[in-house]
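Each reported figure results from applying straightforward, stated rules to the coordinates on display, with no laboratory input. None of these values were measured; they are calculated from a predicted model. No Cβ is skipped: glycine too gets one built from the backbone with ideal geometry, and neighbour counts run over all protein chains shown.
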Amino acid sequence: MEISIQGGNSVDVSDAIFGRDFSEALVHQVVTAYLAGGRAGTKAQKNRSAVSGGGRKPWRQKGTGNARAGTIRSPLWRSGGVTFAAQPRDFSHKVNRKQYRAALMAILSELLRQDRLIVVESLSIDEPKTALVKAKLADLGVERGLLVDAELDHNLYLGSRNISNIHTLTADRLDPVSLVGADNVVMTRAAVEKIQEWLS
């Protein structure tokens, strides 16, 4: 199949990558796993065994008139341990490489079907100026979206980073969350070819 490029040309793409059926369950699984993998999971609190002190019984078991106590580090006591203390944990979900790539293909195919994938010859600009990026996006009719190039264009990155709702990525850093969250995805011909080579 062919994808038309802004300006009249077209680029040949694989039906397996850009003509795939959309699987909501697969995309949901991969997006959830990607977001979960970004969680730090580093919160930690001390339980009664981790709090210092409390090595002996504070008073004898019977005869004092006080309630029974075995340690001053009980969760019931001031400065005691936390009852259900939070511990460091790994939130990541296992996703096979084949599933991950299939989800990316499904998202790209759906973007193309909905006319939200725009292919251009180049996104490069002469100077790192926000006004130049805004003018280029205005020509494409894009206000919110994702700009994808094969290699990092320093001028494009510097010129676009101050525009709200516009993000820049290279083709090898493409992820399902960025694609799903973008209203429109603008790709260069080189980025499309690199993505095809990666997902083939």
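A few comments on the model shown:
- Hey, Leu123 under 30 Å from Leu140 (Cα atoms) and not in a helix (DSSP H, G or I) or not: yes
- Pick from segment 1-40, criterion among the aliphatic types (A, V, I, L, M) and part of a loop (DSSP other than H, G, I, E, B), ranking: nearest to Ala86 (Cα to Cα): Ala40
- Tally, over segment 167-195, of residues that are in a strand (DSSP E or B) and over 15 Å from the mean Cα position of the chain (by Cα): 5
- Segment 154-166, residues that are surrounded by 15 or more Cβ atoms within 10 Å (Cβ to Cβ) and either out of contact with any strand residue (DSSP E or B) (no Cβ under 8 Å at 6 or more places or on another chain) or assigned to a helix (DSSP H, G or I) (or both): Asn155, Leu156, Tyr157, Leu158, Gly159, Ser160, Ile163
- Between Arg101, Arg73, Arg116, Arg97, the distinction of being within 30 Å of Ala16 (Cβ to Cβ), out of contact with any Asp or Glu (no Cβ under 8 Å at 6 or more places or on another chain) and surrounded by 13 or more Cβ atoms within 10 Å (Cβ to Cβ) belongs to Arg101 only.
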